[in-house]
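Colleague: Sending over a structure as structure tokens; questions will come in a sec.
No value in this document is a laboratory result; all are computed from the given coordinates. Remember, it's a predicted structure, so these values are computed and weren't measured experimentally. Please note: Cβ atoms are built from the backbone with ideal geometry, for glycine as well, and neighbour counts cover all protein chains shown.
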Amino acid sequence: MQGESGSNDSADVRAALSRLRRASGLPVAFGGLLAGTGRYRINELSGTASAALRGLHIHHGNGLGGKAAAQSRPFAVADYHSSPAISHEYDAAVGAEGLRSVLAVPVIVRRRVRGVLYGALRRPLRLGDRPLTAAMEAARELEQALLLQDEAARLLSVARQPTAADPAMWEEVREAHGALRALAQRIADPVLRREMLAACGRLAAASSGRSGGADGARETPALAPREVDVLACVASGATNAEAAQRLGLRPETVKGYLASSMRKLGAHSRMQAVIAARRAGLLP
């Protein structure tokens, strides 16, 4: 993703590299995302002794990372400089950092390689399963973060022109809104979680404006975030048990949140609560 999401992407890559180093025991990690057709820019470094790798453009198929991207699977070499398994366009930068044993894992979102993560040692050593597994897990978490950002961007693009969206599209937005709120609660990164919830709020506000907005001056009921989460699930047709499973709560807890939101909204049924929440701009 480019433009205004760039800083978010950088934070996500930094978090992935931190997880990779912590779980793998490798002292050096670096990586970056797609920067144009067939190339990836190394823009985040962790544990490096120099800036030799920063800004390096990895082309599809070239070097260890380019090979991982081209074949959509991880690769590792025990000694980067002498390995016959890869091409050596980037030996100067890798050598300047003093790296020898290196692994590379592609970051794949919707079957498209969006970036590459690396882990490395400064001595030649055959890497075992632990560092490779850790790198793959870090890549999977980064993939989920990028996927959530993509989905939020897609929904917001619809919300910017609500009058052009047909009713079927708004139903899709409503279903995705509930899914995004549920997923946001499972995101460890507090910054990304706040951004996801803010995006959900903008979607709800856009839908409320589309509905006419005659009662826009009416005070919005102060629902707790979890009460909105439960109502979003109810709006998609979920039972209390299904909502509990999506949100990682107990059915009794969901029932309590639902009862509380109904009371605040002055509703006497689940669907009355959903309708009232939509009118108040709390749900799309």
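Colleague: Calculated from DSSP H runs of 4 or more alone, at -39500 (n - 2.57) each and per residue, what is the 222 nm mean residue ellipticity of the chain, nearest 500?
Modeller: Helices in the chain give a 222 nm mean residue ellipticity of -17000 deg cm²/dmol.
Colleague: Related question: What full-extension length gain, to one decimal in nm, is calculated for Ala198 and Ala51 as 0.36 nm per residue of separation minus the Cα-Cα distance?
Modeller: Gain on stretching Ala198 to Ala51: 49.4 nm.
Colleague: Describe numerically, in nm with one decimal, the distance between label points set 7 Å from Cα along Cα→Cβ at Arg186 and at Leu125.
Modeller: 3.4 nm
Colleague: If I fit a long axis through the Cα atoms of helix 6-24 and take the longest principal axis of the Cα atoms of the chain, what angle between them do I get, 0 to 90°, rounded to 10?
Modeller: Roughly 60 degrees between the two axes.
Colleague: Still on this structure, please answer the following. Might you report the magnitude of the Cβ-based charge dipole of the chain about its Cα centre, with Lys and Arg at +1 and Asp and Glu at -1, to the nearest 20 debye?
Modeller: 340 debye
Colleague: While we're here: Can you give the extra length, in nm with one decimal, that the chain gains between Arg73 and Glu172 once fully stretched, where that is 0.36 nm per residue apart less the Cα-Cα distance?
Modeller: Fully extending the segment from Arg73 to Glu172 adds 32.3 nm.
Colleague: Which residues' amide hydrogens lie under 5 Å from the amide hydrogen of Ile108, considering only partners 5 or more residues apart or on another chain, with H built in the peptide plane?
Modeller: Those qualifying (amide H under 5 Å, at least 5 residues apart or on another chain) are Arg114.
Colleague: Just want the ordering: Asp150, Asp129, from fewest to most Cβ atoms lying within 10 Å of their own Cβ.
Modeller: Result, fewest neighbours first: Asp129, Asp150.
Colleague: Ok, one more. When the chain is fully extended, how far beyond the present Cα-Cα distance does Glu252 get from Ala23, taking 0.36 nm per residue of separation?
Modeller: Taking 0.36 nm per residue and subtracting the Cα distance, the gain is 78.8 nm.
Colleague: Further question: Could you please rank Leu197, Leu20, Leu103, placing first whichever residue has the fewest other Cβ atoms within 10 Å of its Cβ?
Modeller: If I rank by nearby Cβ atoms, fewest first, I get Leu197, Leu103, Leu20.
Colleague: Taking H placed 1.01 Å from N in the peptide plane, check which residues at least 5 places from Ile58 or on another chain put their amide H under 5 Å from its amide H.
Modeller: For Ile58, whose amide H was placed from the backbone, the distant partners under 5 Å are Tyr40, Arg41, Ile42.
Colleague: Tell me which of Ile275, Ala235, Leu249 sits at the most positive position along the dipole axis of segment 224-284, charges placed on C-beta atoms (Lys, Arg +1; Asp, Glu -1).
Modeller: Ile275
Colleague: Please label the shape of segment 3-136 as rounded, prolate or oblate, based on the square roots a ≥ b ≥ c of the eigenvalues of the alpha-carbon gyration tensor (a/c under 1.5 means rounded; beyond that, a/b larger than b/c means prolate, else oblate).
Modeller: Rounded shape, in that the Cα axes give a/c under 1.5.
Colleague: Run the quick spin-label model on Ala92 and Ala222: label points 7 Å from Cα toward the beta carbon, then report their separation in nm to one decimal.
Modeller: Placing both labels 7 Å along Cα→Cβ, they lie 6.2 nm apart.
Colleague: Relative to the longest principal axis of the chain, what angle (0 to 90°, nearest 10) does the C-alpha long axis of helix 270-279 take?
Modeller: 80 degrees
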